[in-house]
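This report concerns only the one structure given below.
Derivation of every value follows stated rules applied to the coordinates shown; laboratory data play no part. Note that this is a predicted model, so its numbers are computed, not measured. For neighbour counting, all protein chains shown are included, and Cβ atoms are generated from backbone atoms with ideal geometry for every residue, glycine included.
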Amino acid sequence: MRKTIFITFSLLLILILAACSESKTSTKKEMSDKEKQEEIVKVINEDIAQISKYEVEANQILASVSGENFKNDKELYDVLVNQVIPLYDKVVKGAKEIDPKTKELKTQTDKMEKASLIYQEALLLEKEALEKQDKSLIEKSNEKGLQYQEAIKEYHEGMEKLTKKYDIDYEPTPLN
């Protein structure tokens, strides 16, 4: 009788442990390549497309009062403060909100977030430079602009590799 109870108990314990180990492995299941591809396409077509829209708009507005179109510091400052920076805040917010499950995509969206923060810093330095009429701050802003270009280039190169791996057509949005 004791042997029967012990054997029954042992078998029951083995079944319980086996069921527990199966549930752990099934919850840690990796995403399939198809699921990764779908997530990448969704992030590009929805999240990144919206962010790019804000970024393009911010850059077009900024271009309308800078470079060849520059008239005076006041106009540049007003446009920067009232239009460009608020739009670019949406870029940064959007980049921070992307939270993909795919580790490879997360690496790339983190690069995009970093690039957007660099450019936001460049805009804020430009604003401060105009407020203080400080040429050294303009130089720092320009340096940040160059850092942004390098960071966004790295992001796009990474996205090109990632999308190629999953057989997805990818074209970066031009900023002008």
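Tabulated values for the structure
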quantity: Peptides 54-60, 39-45 ordered by average Cβ neighbours within 10 Å, highest first; calculated: 54-60, 39-45
quantity: Cβ-Cβ FRET estimate between N142 and T173, R0 fixed at 30 Å, reported to 0.05; calculated: 0.85
quantity: Whole-Å distance, taken between Cα centres, linking the stretch 41-84 and the stretch 98-176; calculated: 14 Å
quantity: Estimated dipole of the stretch 33-165 in Debye, rounded to 20 [Cβ of Lys and Arg +1, of Asp and Glu -1, Cα centre]; calculated: 300 debye
quantity: Per DSSP, loop chymotrypsin sites (Phe, Trp or Tyr not before Pro) in the stretch 58-116 with at most 15 further Cβ within 10 Å; calculated: F70
quantity: Cross-link partners of K165 among lysines (Cα-Cα below 21 Å; sequence separation of 8 or more within a chain); calculated: K29, K34, K36, K42, K101, K103, K106, K111, K153
